[in-house]
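Engineer: Sharing a structure, written as structure tokens. Questions coming.
The values are calculated or read from the model by the stated rules, or taken from the named source; none is laboratory data. Note that the structure is predicted; figures quoted are calculated from it, not measured. Counting neighbours? That spans all protein chains shown, and the Cβs are built from the backbone with ideal geometry, glycine included. All accessible areas refer to the heavy atoms of the entire protein, side chains included, with ligands and DNA or RNA removed. Shrake-Rupley method; radii C 1.70, N 1.55, O 1.52, S 1.80 Å.
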Amino acid sequence: MSSPSSTSRPFSIHCTPTTTMPRTDLPPECLELIFAYLALENDTSTLASLLCVSKAFCAVALPFLYANPLQLLEFSRRRRPRSDQGDDDDPGTAFVKLAGLLLRSSEQDTVTNLLKAAYYDDVDEGHSVDAELDKEERKAAVAASRINYLHYLRHLHLLDSDSKNPPVFHNTHHFENKTLTRYLEHSGLAASYHSRELSLEFNPYRPLHATTLQYLSVDLRVQLTWALCFPVLEQIQSLVIPLSDIRRYQEVIPRLRSLMDLSFKLDQKLEYPHYVTAQLQEEDPGKYEAMVLMRSDALNAIVEFVRDHTLLFPRLLRSVNCPDNRTWPGVPQSCPQWAVDMMQDCIPPLERPLWLDSSNWSHFLAKIESTDLSQVEVIRAPCDDPARWFGALLQRDVNFLPRCVRLKELVTISLGPTTFKWAYEEAMRRQSHTRLQLYESQLSALRPPSPPQVQPDILSFGPTQPLPQPTLSTWEITYTSITEQALPPLEYLRLRCYNTLLGSALTDAMIAFSDTLSTIIIDHNANSTIANTGAPGFGNIVKLAAAMPILRRMVVKVQSERVVLGQNFLSNCPALEHLEMEDRATRLYWCSEPQRIGANLQFSQDRSKSVLPSALRTLKLDGWSALTFHPATLNHMPLLETLSLSVGCMSDRTHIPPVAQLQSVEFASLREEEDHLNRQLATNRESDKEYRSDEAGYSKPQRSSKAYMIRAIEHKRPFWTWDWYLPRLTCLRLTGEFAWRFEFRMLAGCPNLESLVLIMATQDDLVMVVGAEEDLRHQQQQQAHQKSREVVYEHQRTIGIQDFFLRKNSRPSSISGSVSQASEQHVVANNLKTLYLYGRWYLSDDSLLFMLHWVMPNLEELHESQCFGYTTKGWIRATGRPQNLKLATSTRIVSEERLTEMGLEKYVVDTASMPAITVREQVVDGIREQVFKVIPATAETTAGPSPIARPFYRFNDGQHYVKRISTTT
């Protein structure tokens, strides 16, 4: 056998032996208790190291290590540094060694020739396959004298579809085993695998070895599972049974007296794509009926197996699971809900589970009323198919969350606006109880001390005079009427909104769990059936105003509702570092809509009070939250690194109201906004004083008409100063009206800015129109003095040289002025690497040259779309100024002749000099990932002078061009 496993070392656990062998006087029972704790903590590393201590330690540690052999694969890979890992440390290769070690302890009658060819690594290559297999049988007597590892086997989980487990069966390393490949050819298995496929499923683009590997993995799993568990069926506690081999396990049910956890592997094709079944039903009805009958028999066999085992061993089987199999190409295989319900009805409810996820969610739904949820800390409900996983739960209208008193992590779909209504009501009851206690304590402090009461003499009262009864205070009566309910210490909350509105579910959770929540994520489903017309005024408004002292990350993305930041929300969340809010209901809007709500201040504007700076590092607002965002909030964010303000940007297109409306609803200056705010605050203080005087007179408090009028005044849009100091800001993205308002003097307060994205393209600007373009005249062969066309757009922005200066009236005498003279007056963004300009930005050749030469000298990427005013010659001239520029993209259509005249040539990729890239899959820390290895080109292909670094120019729908190099260069 020429595979790497034939010449390498056999499977072993790498551990460092100790220099001295310590003695212990502890009995084996005490060692078992200590090692059991290590096994409970999954500390395989320590258990493997204990094998080298002494024989007593080895005898006690072996049962814990080989109770679940697959956990040794992960330990064997982690024990060795990654730099020392080679092909022998691949999970598939390591599993071959482990399986061969376990098969030698099994009964040789159950070890088939296929298993011997696949997992026995000491077979000579010079003999025939049959002779080699007979040789292995003769070695069985020698293997019988070794350690019987199957004696310790308790859990056998040969699954291959979970990302946490390595691909031990569906692995291409099987084709490197020459003994296995020759056996497949001589035995005819390779040909039989292809005959199992339907002719309708034939895919000419799929390689032939993929089909062989698909069915080979099925046979290896079936035969290996039976060979390992058959000698020790009486001690197996958890098992994964392949569906194709269910009949053989039904005959040995009486031997499975220890089985508690059972899973079924859907290794048969029970479902086919719709087009296959429809065509097969029309062409061959008999074969179609046979397929339907086979599917029904297989599912009934699963139900019968569970029912027979529970009748023979009542209340022994604790969990039954049938996960989906997504390894079959075309359509995933899933067990129907009726079969799952019948299996779950046969077993008892979950016994005080610690978590709920996809492995036990079906079992939990079947016994939701009788399941004890007092110990559940993590709920990760499957959210891929709400109708399947939550249909029965929504029909019965059962809320199980109040019973999870220890819940810390919750991942589920939104069950409607009343999902956390119970938690909100309980929090309100506790707050009212606390207020009553405080009020009673204040009243008791104001009362005069009461004289000491004399105990009544029972003999002084006659038979008709009742004894005096003790009285309860107000808060005691209220307290006795409250039935306190424990609120879980929820720390992580994630809701998926499918076909239900979010409503008050988010605000209820934020108020109820304000002291414990650190992460909140609300996702929306793009395929939701809730209609979204995109019309102005569509969607309910959800305002976030709860105080959450330990909240660190918050992501809210809804589809049919509008989410806004409440007054002082950010100041009430001092630990918040990541805030991302998006609503798709705001696609089209009027300026009067956000004007009615106004921009909510996030920090106090009273200079007499000290304001703590915010810890926010990422702020992304899209939609209604961005329209109601007050720009003065940025004055209190010194740690901000990413800022994004956008409105309904789809495919780089956004909506901007008319300019006249934008200018009519906003303040003209910062002084006007401050005066208006001071007048409103003064009026509000007067109205509050009138309210308190009415309340002190013990009359029904009523607001005065003047105060009501002041509070009902329509808010105006705030004034944007663009002079904030954000020293750590590295990424700035503005779309819609925010990009239209942008001023480049903001770059002076962002010294570390690296990426600037300004998207001002609207739905009306779909056709490229160029004004004052000499390339268009050259292409059309018009006269040299023809009057150029001028197009004026609604949201056109002109970028002039004066826009880059802090003082509007100061500008250099000429563009070719000295650097020291210009640097004292204009803005310089030395760290800016990427610039996007989308929309109707008017840039002249001089403005473009000044921007790239003086303002952004270290720019690496420049992208423009629909900008006009400059010429293509001016574009190439300006982009040649930055020394580090790598890519300059433009959406203009320029003829090839014109580009050739300006010194550009089309870039052609030299495939001979490009390095080769190989892809290899491996599992790192339980996660399957692809590793790309770059193989450099040979010396012959790379010989010659080193190429000169030239920037790429992109014109004509993505065509790449470079500057032509002359022969004298």
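Engineer: Only one of (1) open to solvent by less than 30 Å² (accessible area, probe 1.4 Å); (2) modelled with pLDDT of 80 or more fails for residue 73. Which number is that?
Structural biologist: (2)
Engineer: In region 223-241, what residues are part of a helix (DSSP H, G or I), under 37 Å from the mean Cα position of the chain (by Cα) and crowded, with 21+ Cβ neighbours inside 10 Å?
Structural biologist: 224 - this is the single residue of region 223-241 that is part of a helix (DSSP H, G or I), under 37 Å from the mean Cα position of the chain (by Cα) and crowded, with 21+ Cβ neighbours inside 10 Å.
Engineer: Considering only region 48-67, state which residues are of a type in the set (Phe, Trp, Tyr) and touching a Phe, Trp or Tyr at 6+ places or on another chain (Cβ under 8 Å).
Structural biologist: Across region 48-67, the qualifying residues are 64, 66.
Engineer: Only residues that are at pLDDT 80 or above and either over 38 Å from the mean Cα position of the chain (by Cα) or open to solvent by less than 80 Å² (accessible area, probe 1.4 Å) (or both): list them for region 29-47, please.
Structural biologist: 29, 30, 31, 32, 33, 34, 35, 36, 38, 39, 46, 47
Engineer: Checking residue 330 against (1) small (Gly, Ala, Ser); (2) modelled with pLDDT of 85 or more; (3) open to solvent by 50 Å² or more (accessible area, probe 1.4 Å), which single condition isn't satisfied?
Structural biologist: For residue 330, the failing item is (2).
Engineer: Would you be able to tell me the number of residues in region 244-289 that are aliphatic (A, V, I, L, M), within 16 Å of residue 233 (Cβ to Cβ) and not in a loop (DSSP other than H, G, I, E, B)?
Structural biologist: 3
Engineer: State whether the residues of region 521-537 include one that is within 21 Å of residue 379 (Cβ to Cβ), surrounded by 23 or more Cβ atoms within 10 Å (Cβ to Cβ), modelled with pLDDT of 85 or more and not acidic (Asp, Glu).
Structural biologist: yes
Engineer: Then there is this: Which of the following residues is open to solvent by less than 40 Å² (accessible area, probe 1.4 Å), among the charged types (D, E, K, R) and either within 30 Å of residue 386 (Cα to Cα) or at pLDDT below 55 (or both): 583, 606?
Structural biologist: The match here is 583.
Engineer: In region 108-160, which residues are in contact with a Phe, Trp or Tyr (Cβ under 8 Å, 6 or more places away or on another chain), at pLDDT 85 or above, farther than 24 Å from residue 185 by Cα and not in a helix (DSSP H, G or I)?
Structural biologist: Matches in region 108-160: 153 only.
Engineer: Further question: What pairs come out if I take residues in region 634-646 that are in a strand (DSSP E or B) and pair them with residues that are among the hydroxyl-bearing types (Ser, Thr, Tyr) whose C-beta lies under 6 Å away, six or more apart or interchain?
Structural biologist: 642/618; 646/735
Engineer: When the residues of region 255-265 are filtered to those that are among the aliphatic types (A, V, I, L, M) and either farther than 18 Å from residue 221 by Cβ or modelled with pLDDT under 90 (or both), which remaining residue is surrounded by the most Cβ atoms within 10 Å (Cβ to Cβ)?
Structural biologist: Residue satisfying both the conditions and the ranking: 256.
Engineer: Give me the residue from region 870-886 that is part of a helix (DSSP H, G or I) and not polar (S, T, N, Q) and, out of that set, farthest from residue 859 (Cα to Cα).
Structural biologist: For region 870-886, the residue satisfying everything is 873.
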